[in-house]
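As structure tokens, the structure follows; a few thoughts come after it.
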Amino acid sequence: MMTENIPVAIETAGDREVIVTRTFNASRRLVFDAFTKPEVIRKWYTAGTMERCESDPKIGGAWRFVMTRRGKTVGQYGVYKEVSAPDRFVRTERWDDWDPGETLVTLDLAERGGQTIMTMSLVFPSKDVRDVVMKSGLTRESTGEFFERLDEVLRS
């Protein structure tokens, strides 16, 4: 995989929030579509197999992803609360196999000089849930690899 070695920043804010910041060498329209259009999401969102990918980016629209990796199936789902393409969306997130409560995800995109700066806020239902998620995969390394797959799709 060809990487652009663009760093990802992950910071906590308060007891329940994590803020992820990353720059992409693409327009915000392309980045927004990569997070909301099933035909693009399927190309990068998982290192495994995407069994189901649905996304209806409008207020009240649902989204659902089901992925299999290393023999384990994981499902995520939620509802869009706010959509202002290609600048922003707010949606809820829940997990099929784990129900700690609802996470609120806000994605903001700002375009400058042909690059897009993404700021993603994840507000977890509790500090304990935030800490579990951070220990189990919301790290600079794993999140960096996640977004490197997106870089590949944005280049094509």
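Since every read-out is calculated from the coordinates, none of them should be taken as a lab result. In this text, all values refer to a predicted model and were calculated from it rather than measured experimentally. Quick reminder, even Gly has a Cβ in these numbers, built from the backbone with ideal geometry, and neighbours come from all protein chains shown.
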Just to be sure I understand: of the beta bridges DSSP finds with both ends in segment 9-155, what percent are antiparallel, rounded to 5? 100
Between their Cα atoms, which of K37/K81; K37/K58; K43/K135 are more than 21 Å away from each other? K43/K135
So, in nm, how far is label W98 from label V74 when the simple model puts each one 7 Å beyond its Cα toward the Cβ? 0.8
With charges set only on the Cβ (+1 for Lys and Arg, -1 for Asp and Glu), what does the dipole of the chain come to about its Cα centre, in debye to the nearest 20? 240
Taking 0.36 nm per intervening residue step and subtracting the Cα-Cα distance, what contour gain separates D108 from R155 on full extension? 14.8 nm
Gain in length, R52 to S136, computed as 0.36 nm per residue apart minus the alpha-carbon separation, to one decimal in nm? 27.9 nm
What aspartates and glutamates does K127 reach when the alpha-carbon gap must be under 18 Å and sequence neighbours fewer than 8 apart in one chain are set aside? E11, D15, E17, E93, D99, E102
Of G101, G137, G61, which is farthest along the charge dipole of segment 9-155 in the positive direction, counting Lys and Arg as +1 and Asp and Glu as -1 at C-beta? G61
With 28 Å as the cut-off, how large is the P(r) tail for segment 9-155, expressed as percent of Cα-Cα pairs? 12
About the Cα centre of segment 111-156, what is the dipole size in debye to 20, counting +1 per Lys and Arg Cβ and -1 per Asp and Glu Cβ, all else neutral? 160
Contour minus end-to-end for N5 and R42, with contour as 0.36 nm per residue of separation and end-to-end as the Cα-Cα distance? 11.1 nm
Go through segment 41-92 and name the trypsin sites (Lys or Arg not before Pro) that are in a DSSP coil and have 14 or fewer other Cβ atoms within 10 Å of their Cβ. K58, R70
How much net charge surrounds W44 when only other residues with a Cβ under 10 Å from its Cβ are counted (Lys, Arg +1; Asp, Glu -1)? 0
Quick one: R28, R155, fewest Cβ neighbours within 10 Å first, how do they rank? R155, R28
Label-point separation (nm) for V129 and E82, each offset 7 Å from Cα along Cα-to-Cβ? 1.9
